[in-house]
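Scroll down for the structure; my scribbles are underneath it.
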Amino acid sequence: MEAPLAGKTVVLAVTGGIAAYKAVEVARLLKKLGARVLPVLTKNATKFVGPVTFSGITGEAVREDLWDAGVSGELHVLLAAEADLIAVVPATADSMARMASGRCDDLVTATLLCTQSPVLVAPAMHPQMWRHPATEHNTNLLRDRGTLFVGPVDGPVASGESGLGRMAEPSEIVSAIQRHIQARQALPASADQRDLLGKHVVVTAGPTHEPIDPVRFLGNLSSGKMGFAIAEAAARRGATVTLIAGPVHLATPAGVRRRDIVTARELHDAVFAERDTTDVLIMAAAVADFRPREAATQKIKKSDQDDGAPVLELVRNPDILTSVGASRTADQPRPTMLVGFALETGDDASVIAYARDKVRRKKCDLIVANRADQSLGKDDNRVFLVADRRDEVPIVSGPKSLVSSRILDIVVAALS
């Protein structure tokens, strides 16, 4: 089988932070996936990792100098043209500030300013630097321009302290690079248009966890991948995107504002907090239908149970989709478009029949129905797009990035 990134070129821009040594592993993993990796190092990066290391890993000449006499033509223009994606690993606070201000006085910044390809950054800095208002401003500015972000994550940093500022692991960075390159291949041309510009799209994703005691919960197997893919696709199409995410371990898509929740009631409150400004609500989260009436304040021990097993009294959680559908009136038309999901375990016919009933009962504009055996935890999906008063039911199969695009195509058509 052909390597996933065969024929693709990644310009790996390494800037001067202690995490630069991890960029070597990023290069190795990209080569393993079949990508051509062109390393570009800032002067400060060479103080942490030698150029010979990168040339040995990639088999390519390492570029450092904007005025490289060994290159015929303008090196930054050539690199920008060759790149399918430029990854800045690590992205220091200084390099992000230079990117945000449009500086181009070294090879890395000049290449970034010249490229038409996606740019992905993996921030790495002390937590206080990440929290500084200037860094926050630069991050938001870069996101608004379409820069993709992976991390940072919470963990120990070089100083020995711990906090949000640690660079994401190389495997996570490479997965994001692969995902973005392959998504651009899979998406139709219309997905690169800004046809959701000016729209506020709210997407829910992942499971909810309903506590039994401080260490146990009722939950489900939702990975959140479908909702995250929809949020990412909507942001690429120009929408202002709010992602309300249950407890999942997924990187926030570029240009997306994220709100984390745990329980169904927290999800309900978050959805209604956004409702008045929401144009499109896409409820991809797998919300627990029931919760324990009372959560124990201490861990339930076997020795505390006379018969060896506790009895849980369950109560219904709020039906968020029904509540939103019922709340839409002439005086309160938000959201303009309401999309629900239906995850079922029957055959195709029964899944479609249930979705047709659900779209009417819950007053949705569209139900995305799928089978648990074809979607849970997988990178691909197979869905039925069921709308009220529509005889035909489109079936979409493929990567969740492609499925997301098809769902948004219907949303855009309905809004227009």
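Return yes when Ala286 is in contact with a Ser or Thr (Cβ under 7 Å, 6 or more places away or on another chain) and of a type outside the set (D, E, K, R) and no when it is not. Don't jump to the end; show me each part of the working.
Details: in contact with a Ser or Thr (Cβ under 7 Å, 6 or more places away or on another chain): yes; of a type outside the set (D, E, K, R): yes.
Yes; evaluated as a whole, the condition is true for this residue.
Looking only at residues in segment 198-226 that are polar (S, T, N, Q) and at pLDDT below 90, which one is surrounded by the most Cβ atoms within 10 Å (Cβ to Cβ)?
The residue in question is Ser222.
Starting from residues that are free of Cβ contacts under 8 Å to residues at least 60 places away in the same chain and charged (D, E, K, R), keep the ones in segment 93-138 and report whichever is farthest from Met167 (Cα to Cα).
Taking the candidates together, the pick is Asp105.
Any residue in segment 14-40 that is within 19 Å of Val108 (Cβ to Cβ) sitting within a Cβ distance under 9 Å of a residue that is charged (D, E, K, R) and assigned to a strand (DSSP E or B)? List the pairs, counting only those 6 or more apart or interchain.
Correct list of pairs: Ala19/Arg166; Leu30/Arg36; Leu38/Arg63; Pro39/Arg63; Val40/Arg63.
Go through segment 231-241 and give me each residue that's in contact with a strand residue (DSSP E or B) (Cβ under 6 Å, 6 or more places away or on another chain) and surrounded by fewer than 23 Cβ atoms within 10 Å (Cβ to Cβ).
Within segment 231-241, just Thr240 meets the criteria.
Could you pull out the residue among Ala273, Ala251 that is at pLDDT 90 or above and hydrophobic (A, V, I, L, M, F, W, C)? Before you say what the answer is, go through the steps one by one.
Values: Ala251 fails: at pLDDT 90 or above.
Only one candidate passes the filter, namely Ala273.
Residues are listed down the side, and each one gets a yes or a no for (1) in a strand (DSSP E or B); (2) under 30 Å from Met167 (Cβ atoms):
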| site | (1), (2) |
| --- | --- |
| Arg257 | yes, yes |
| Glu266 | no, yes |
| Glu274 | no, no |
| Gly325 | no, no |
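So which residues in segment 107-134 are surrounded by 20 or more Cβ atoms within 10 Å (Cβ to Cβ) and under 24 Å from Ser159 (Cβ atoms), if there are any at all?
Across segment 107-134, the qualifying residues are Val121, Ala122, Pro123, Ala124, Met125, Trp130.
Name the residues in segment 119-151 that are farther than 17 Å from Asp94 by Cβ and assigned to a strand (DSSP E or B), would you?
Leu120, Leu148
Hey, could you check segment 82-98 for residues that are buried (at least 24 other Cβ atoms within 10 Å of the Cβ) and of a type in the set (Gly, Ala, Ser) and say which is nearest to Leu30 (Cα to Cα)?
Ala87
Return yes or no: is Ala93 under 22 Å from Arg143 (Cα atoms) and in contact with a Leu (Cβ under 9 Å, 6 or more places away or on another chain)?
No, not satisfied.
Identify, please: which residue in segment 374-395 is in a strand (DSSP E or B) and over 21 Å from the mean Cα position of the chain (by Cα) and is, among those, modelled with the lowest pLDDT?
Ile395
With the condition kept exactly as written, say whether any residue in segment 328-343 is in the same structural domain as Phe290 (by TED's automatic domain parsing), assigned to a helix (DSSP H, G or I) and modelled with pLDDT under 90.
no
May I ask you to verify whether Val153 is without any contact (Cβ under 8 Å) to a residue 24 or more places away in the chain and among the aliphatic types (A, V, I, L, M)?
Values: without any contact (Cβ under 8 Å) to a residue 24 or more places away in the chain: yes; among the aliphatic types (A, V, I, L, M): yes.
When the stated conditions are applied, Val153 passes them.
Between Ser175, Ser162, which is in contact with a strand residue (DSSP E or B) (Cβ under 6 Å, 6 or more places away or on another chain) and more than 19 Å from Arg258 (Cα to Cα)?
Ser162 is the lone residue from the list that is in contact with a strand residue (DSSP E or B) (Cβ under 6 Å, 6 or more places away or on another chain) and more than 19 Å from Arg258 (Cα to Cα).
Could you check segment 252-281 and list, in sequence order, the residues that are surrounded by fewer than 20 Cβ atoms within 10 Å (Cβ to Cβ) and within 16 Å of the chain's Cα centre (by Cα)?
Thr252, Arg257, Arg258, Arg259, Asp260
The values are calculated or read from the model by the stated rules, or taken from the named source; none is laboratory data. A quick note: this is a predicted structure, and the numbers were derived from the prediction, not measured. Ideal geometry is used to build each Cβ from the backbone, glycine not excepted, and the neighbour counts take in all protein chains shown.
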